[in-house]
């Protein structure tokens, strides 16, 4: 990998991020009665998209905000401008990653998502998000934040709206934990700006739909596990080899589940495992054979066990060494063009490891690449110590606020004088490791107790 290219500045990137930050700062104090500094900040955002088809709508939105007469449509335009700017940053970073890895991506951008259903519920969500913009992050209180509750409850029964419902639920929970906003020492302006603008845009579309089917062999590379107090998601990154002899391509398969906050660590796999048989294949080191599996343009497999069966043994590091370099990347969905969503599978070896306290850095061909060990989940045997002692790594190349980093998914290291591979998702299909077994038993007990309590409540 040309690690030196990851250090080079990208023209226009800093200016685009400055415009995004300006818009985010305008939201801090709220847009109901904006001050001149807030109007100037939004004008900077509008100027950044002046050469795009959004120019007229965003300029009008800024004028209405300045006059204190902004409607939902104007807040949507501001969210769209912010989304478009971050999309341009994503595209520039992705082009740099493709140059550094020598791997090409499919040309273009995936088609827009289908039009959303349940217009009344989505209008209610936009209304709440608009109220947040008027109040600003300093103006939030429990009464305002709690207004999302009924909207989220109305969305959850519809599978097409659950992504937005989950986003609103997590966003509202963060805001509720920060109330009153006037008392905050620090406002996470960019994060809340991300959540607000993404939620606003998702009220206009219902997400991606399968664009075709996949028949061939899936060779897993690793699992990226995300854990929240009330939800968990596992995303398997893999190389797909079509049965028709076409070029290999990168794919993903994801599963998300709600969870009680008492289920932690390896116990999370119990909640995820029944919904994605691919996790068992990852844990066992096997491939999966697919026959007509639905897949989106973005490379996401819409997993259905009827279209999959266990395949032969498949070593992730062999896949990374042989197939990863020639696998094409999928096209991004329009709303997924965000720097934070860059997660490109890479294979590194021959690096040296530098340790400074808890911080790790790989030096690849003389260039330093920070290692994001904070993303390594506790629900597996992979540890920062194993990463520090490694000689090869399968990871996800990410971009975090101006710097490329690598998130390890698996490493080759030496334990007790033996070369071994250690995977973050090694316990996905089950484990005999004593720590993993202990965590799984605790999770079983917690879920059993919660089910019993829920049953008693329903009977009453």
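Nothing in this text is a laboratory measurement; each read-out follows from the coordinates by a stated rule. All values reported here derive from a predicted model rather than from experimental measurement. Quick reminder, even Gly has a Cβ in these numbers, built from the backbone with ideal geometry, and neighbours come from all protein chains shown.
Some notes on this structure:
- Tilt relative to the chain, helix 189-202 - C-alpha long axis, 0 to 90 degrees, to 10: 90
- Mean separation of Cα contacts under 8 Å (6+ apart) over length of the range 114-207, as relative contact order %: 46
- Percentage relative contact order, the chain, counting C-alpha pairs under 8 Å, at least six apart: 15
- Helix 55-66 and the longest principal axis of the C-alpha atoms of the chain enclose an angle of approximately 60°.
- Shape of the range 1-98, Cα gyration tensor, a/c cut at 1.5: prolate
- For the chain, the mean residue ellipticity at 222 nm estimated from helices alone is -12500 deg cm²/dmol, where every DSSP H run of n ≥ 4 contributes -39500 (n - 2.57) and the total is divided by all residues, rounded to the nearest 500.
- Taking only the alpha carbons of the range 114-207, we obtain Rg and Dmax values of 12.8, 41 Å in that order.
- Shape class of the range 189-243 from the Cα gyration tensor (axes a ≥ b ≥ c, square roots of the eigenvalues): oblate, since a/c reaches 1.5 or more and a/b does not exceed b/c.
- Shape call, the range 185-286: gyration tensor on alpha carbons, a/c limit 1.5: oblate
- Degrees separating the helix 119-135 axis from the principal Cα axis of the chain, which is the longest one: 70
- Antiparallel DSSP beta bridges within the chain, as percent of all bridges there, nearest 5: 95
- The orientation-averaged projection of the convex hull spanning the C-alpha atoms of the chain amounts to 23.8 square nanometres.
- With neighbour counts taken as other beta-carbon atoms within 10 Å, the residues 257, 20 rank, fewest first, as 257, 20.
- Spacing of the two label points (7 Å from each Cα toward its C-beta) at residue 141 and residue 92, in nm: 4.2
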